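Asker: Please read through the structure below; I'll follow up with questions.
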Amino acid sequence: MNILFVASELFPYVKTGGLGDVMAALPRAMRALGAEVRLLLPAYPALLEAVELQGEVTALPELMGGGPARILRAEAPGLPLYLLDQPAFFDRPGGPYGQPEDLAHRFAALSWAASFLGRVGDVAGWRPEVLHGHDWHTGLMPAYVAYGEGPRPATVMTIHNIAFQGRFSAALLSELWLPRHALTPEGVEFHGDIGFLKGGLRLADRISTVSPTYAREIQLAGGHGLEGLLAHRRGDLHGILNGVDRTVWSPAKDAHLVSRYDLKHPGRRAPNRPDFQRRMGLQEDPGAPLFAAISRLDPLKGLDLVLDNVDHLVSQGAQLAVIGTGDPHAEGAFRQAAQRHPGRVAVFIGYDEALAHRTFAAADVILVPSRQEPCGLTQLYAQGYGALPLVRRTGGLADTVVGVTPETLADDTATGFQFDWATGWALGEAINEALRLFRDPATWRQVQRRGMATEFGWEGPARAYLDLYATIPPEGI
């Protein structure tokens, strides 16, 4: 089966969150199962510099008001690519989503290029049977397929985070090469605007999201205005958990660590802790429970609940390290907490890939108190690295972490800690539970071993997506 993934990010070249990680791993896993998967991405400078270019598919004198554009063939390690080369849109500072004044045109161009490849194919005769778009940036792809002419590939939309929807003025309809009849509730119209994600969810043949629990939540109160549409399409909506790329995230192979380790040699994890404490400016206290959070500082991520518990953590002899960037108020509050508790609280404002790996290898507990979390990769990385995740029971966090209870300890299934209510008090109670278990080293090691032994590879999700494609009727393919 020929499949074209369409996305705005690809690790390690362009990444702002988990989407880039998924794009790097899932297509390769599907290719290992025999599927012919290729990717279409914007030709960001970082990609053009890193990949091997193999020729031009087509050239366009004008695309979505951004001037000349080309679709190029390229190759990343183990992954065939198409790149939409349009410098006016994609060769600019500010990352993939910077300079938002033309975001609609930029990602409409990407969606249109996907529909072009789906209908015409490339110069070598390769044409995808399935176009698989990821998040709002590709939401108009099913619309261009539905309203266009010629062969019709199947279309799939995956929701990685429904909070980001791509909503723009209806006055842009013709500029985005959409027909007038697209601006209806059965098309791309959403409360009088053009809804990129809404249009994709309405017009795609199938919809997926990144965990079973999140698939249920977004049909209820967590759909950010799209609950009704998703409930209407619940027969076409599938929750498929993300996985972990063990070629990147494995403590046994991780070049970022001062000491590599695995389930058979857990003692080798120990040197990573003082190294991390020194790097972060924390006291080298071997007996202190080390809590950490690696996250966007965004209200949906619940880091304000961590702020509510900083003084409590320190009063219990624990340390806290926070790595992230986002809301300026939250950044300032964490900086103040670090000043208030020197050597016990440390903050790194930004994101550093190597530091993230070192955090998982050093921390005892990774805090993931999200108000909403479609799947989350942080808790999966944590378990594989021997850090116990402490999560709010929502979305993929509920599906991937087994909370400590007398029952789960007895049957050796516990992998971390869970709490329900998005309040500082509820998180504090879960922190107390983690501290109590920390004082029982034998039981702590039991839970740690179970987490490290839990397999969250990509083969299972890859098979699930191939099964999903197989349910789409072959009209027009």
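The values are calculated or read from the model by the stated rules, or taken from the named source; none is laboratory data. Just so it is clear, the model here is predicted, and its values are computed rather than measured. Cβ: placed from backbone, ideal geometry, glycine included. Neighbour counts: every protein chain shown.
Asker: Taking the conditions exactly as written (surrounded by 13 or more Cβ atoms within 10 Å (Cβ to Cβ), on the phi > 0 side of the Ramachandran plot and in contact with a Phe, Trp or Tyr (Cβ under 8 Å, 6 or more places away or on another chain)), does Met23 satisfy them or not?
Answerer: Against the criterion (surrounded by 13 or more Cβ atoms within 10 Å (Cβ to Cβ), on the phi > 0 side of the Ramachandran plot and in contact with a Phe, Trp or Tyr (Cβ under 8 Å, 6 or more places away or on another chain)), Met23 does not qualify.
Asker: Here is a follow-up. Kindly evaluate Pro266 against the criterion of being surrounded by fewer than 20 Cβ atoms within 10 Å (Cβ to Cβ) and touching a residue at least 60 places away in the same chain (Cβ under 8 Å).
Answerer: Yes; evaluated as a whole, the condition is true for this residue.
Asker: To continue, here is another question. Looking at (1) over 20 Å from Thr378 (Cα atoms); (2) surrounded by fewer than 16 Cβ atoms within 10 Å (Cβ to Cβ), which is the only condition His341 fails?
Answerer: All conditions are met except number (2).
Asker: Here are Ala46, Ala74, Ala50, Ala88: which of them is more than 28 Å from Ala35 (Cβ to Cβ), hydrophobic (A, V, I, L, M, F, W, C) and out of contact with any Cys (no Cβ under 6 Å at 6 or more places or on another chain)? Let's see the steps before the verdict.
Answerer: On the way: Ala46 fails: more than 28 Å from Ala35 (Cβ to Cβ); Ala74 fails: more than 28 Å from Ala35 (Cβ to Cβ); Ala50 fails: more than 28 Å from Ala35 (Cβ to Cβ).
Being more than 28 Å from Ala35 (Cβ to Cβ), hydrophobic (A, V, I, L, M, F, W, C) and out of contact with any Cys (no Cβ under 6 Å at 6 or more places or on another chain) holds for just one of Ala46, Ala74, Ala50, Ala88, which is Ala88.
Asker: Do we find a residue being of a type outside the set (Lys, Arg) and under 24 Å from Gln446 (Cβ atoms) anywhere in region 321-332?
Answerer: No, every residue in region 321-332 fails to be of a type outside the set (Lys, Arg) and under 24 Å from Gln446 (Cβ atoms).
Asker: Within 24 Å of Leu390 (Cβ to Cβ), of a type in the set (Gly, Ala, Ser) and over 26 Å from the mean Cα position of the chain (by Cα): is that true of Ala453 in this structure?
Answerer: Here the answer is no, as Ala453 does not meet what is asked.
Asker: Only one of Asp236, Asp193, Asp254 is in the same structural domain as Asp135 (by TED's automatic domain parsing) and closer than 27 Å to Met30 by Cα. Can you tell me which?
Answerer: One residue alone meets the criteria, Asp236.
Rundown of residues vs (1) part of a loop (DSSP other than H, G, I, E, B); (2) out of contact with any Phe, Trp or Tyr (no Cβ under 8 Å at 6 or more places or on another chain), yes/no style:
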residue: Glu373; (1), (2): yes, no
residue: Gly376; (1), (2): yes, yes
residue: Leu380; (1), (2): no, no
residue: Gly386; (1), (2): yes, no
residue: Pro389; (1), (2): no, no
residue: Leu397; (1), (2): no, yes
residue: Glu407; (1), (2): no, yes
residue: Ala422; (1), (2): yes, yes
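Asker: Scanning region 387-413 for residues that are surrounded by 24 or more Cβ atoms within 10 Å (Cβ to Cβ) and among the small types (Gly, Ala, Ser), which turns out nearest to Val447 (Cα to Cα)?
Answerer: Ala387
Asker: Collect the residues in region 314-365 that are under 24 Å from Pro271 (Cβ atoms), among the hydrophobic types (A, V, I, L, M, F, W, C), in contact with a strand residue (DSSP E or B) (Cβ under 8 Å, 6 or more places away or on another chain) and part of a helix (DSSP H, G or I), keeping them in residue-number order.
Answerer: Of everything in region 314-365, those that are under 24 Å from Pro271 (Cβ atoms), among the hydrophobic types (A, V, I, L, M, F, W, C), in contact with a strand residue (DSSP E or B) (Cβ under 8 Å, 6 or more places away or on another chain) and part of a helix (DSSP H, G or I) turn out to be Leu355, Ala356, Phe360, Ala362.
Asker: Quick one: what pairs do we get from region 57-74, first residue buried (at least 17 other Cβ atoms within 10 Å of the Cβ), second β-branched (Val, Ile, Thr) and in a loop (DSSP other than H, G, I, E, B), C-beta under 8 Å, 6+ apart or different chains?
Answerer: Close Cβ pairs (under 8 Å, with a partner that is β-branched (Val, Ile, Thr) and in a loop (DSSP other than H, G, I, E, B)) amount to Val57/Val123; Ala74/Val51.
Let's see how each residue does on (1) within 23 Å of the chain's Cα centre (by Cα); (2) in a loop (DSSP other than H, G, I, E, B):
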residue	(1), (2)
Pro151	no, yes
Val156	yes, no
Phe164	yes, yes
Trp177	no, yes
His181	no, no
Ala221	yes, yes
His224	yes, yes
Leu241	yes, yes
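Asker: From Pro474, Pro406, Pro389, Pro441, which residue is of a type outside the set (A, V, I, L, M), closer than 28 Å to Arg28 by Cβ and modelled with pLDDT of 95 or more?
Answerer: Pro389
Asker: While we're looking at this one, here's another question. Given (1) of a type in the set (Ser, Thr, Tyr); (2) surrounded by fewer than 18 Cβ atoms within 10 Å (Cβ to Cβ); (3) at pLDDT 95 or above, identify the lone condition not met by Tyr261.
Answerer: (2)
Asker: On to the next question. Which one of Leu197, Leu229 is touching a residue at least 24 places away in the same chain (Cβ under 8 Å), touching a Lys or Arg at 6+ places or on another chain (Cβ under 9 Å) and under 17 Å from Ala7 (Cα atoms)?
Answerer: Values: Leu229 fails: under 17 Å from Ala7 (Cα atoms).
Just one listed residue meets the conditions, Leu197.
Asker: In addition: Filter region 49-78 down to the residues that are at positive phi and in a strand (DSSP E or B) and list them by number. Walk me through it before giving the result.
Answerer: Initial filter on region 49-78 (at positive phi): 55, 64-65, 67, 78.
Result: Gly55, single match.
Asker: Let me ask something else. Which of the residues that make up region 136-193 are among the hydrophobic types (A, V, I, L, M, F, W, C), within 15 Å of Leu229 (Cβ to Cβ) and touching a residue at least 40 places away in the same chain (Cβ under 8 Å)?
Answerer: Of everything in region 136-193, those that are among the hydrophobic types (A, V, I, L, M, F, W, C), within 15 Å of Leu229 (Cβ to Cβ) and touching a residue at least 40 places away in the same chain (Cβ under 8 Å) turn out to be Trp136, Ala143, Met157, Ile159, Ile162, Val188.
Asker: Here's something else I'd like to know. Got a sec? Which of Gly148, Gly118, Gly125, Gly139 is touching a Gly at 6+ places or on another chain (Cβ under 7 Å) and either at pLDDT below 95 or crowded, with 24+ Cβ neighbours inside 10 Å (or both)?
Answerer: The unique qualifying residue is Gly139.
Asker: Please work out if Val37 is assigned to a strand (DSSP E or B) and either crowded, with 22+ Cβ neighbours inside 10 Å or modelled with pLDDT under 95 (or both). Let's see the steps before the verdict.
Answerer: On the way: assigned to a strand (DSSP E or B): yes; either crowded, with 22+ Cβ neighbours inside 10 Å or modelled with pLDDT under 95 (or both): yes.
Spelling it out, Val37 is indeed assigned to a strand (DSSP E or B) and either crowded, with 22+ Cβ neighbours inside 10 Å or modelled with pLDDT under 95 (or both).
Asker: Quick one: in region 400-431, which of the residues that are of a type in the set (S, T, N, Q) and without any contact (Cβ under 8 Å) to a residue 40 or more places away in the chain is nearest to Asp364 (Cα to Cα)? Spell out the reasoning first.
Answerer: Pass one, region 400-431, residues of a type in the set (S, T, N, Q): 400, 405, 408, 413, 415, 418, 423.
From the residues that got through so far, the ones that are without any contact (Cβ under 8 Å) to a residue 40 or more places away in the chain too are 405, 408, 413, 415, 418.
Values: Thr405: 18, Thr408: 19, Thr413: 18, Thr415: 12, Gln418: 15 Å.
Residue satisfying both the conditions and the ranking: Thr415.
Asker: How many of the residues in region 269-311 are of a type outside the set (A, V, I, L, M, F, W, C), surrounded by 17 or more Cβ atoms within 10 Å (Cβ to Cβ) and either assigned by TED's automatic domain parsing to the domain that holds Ala163 or within 21 Å of Asp440 (Cα to Cα) (or both)?
Answerer: Total meeting the criteria: 3.
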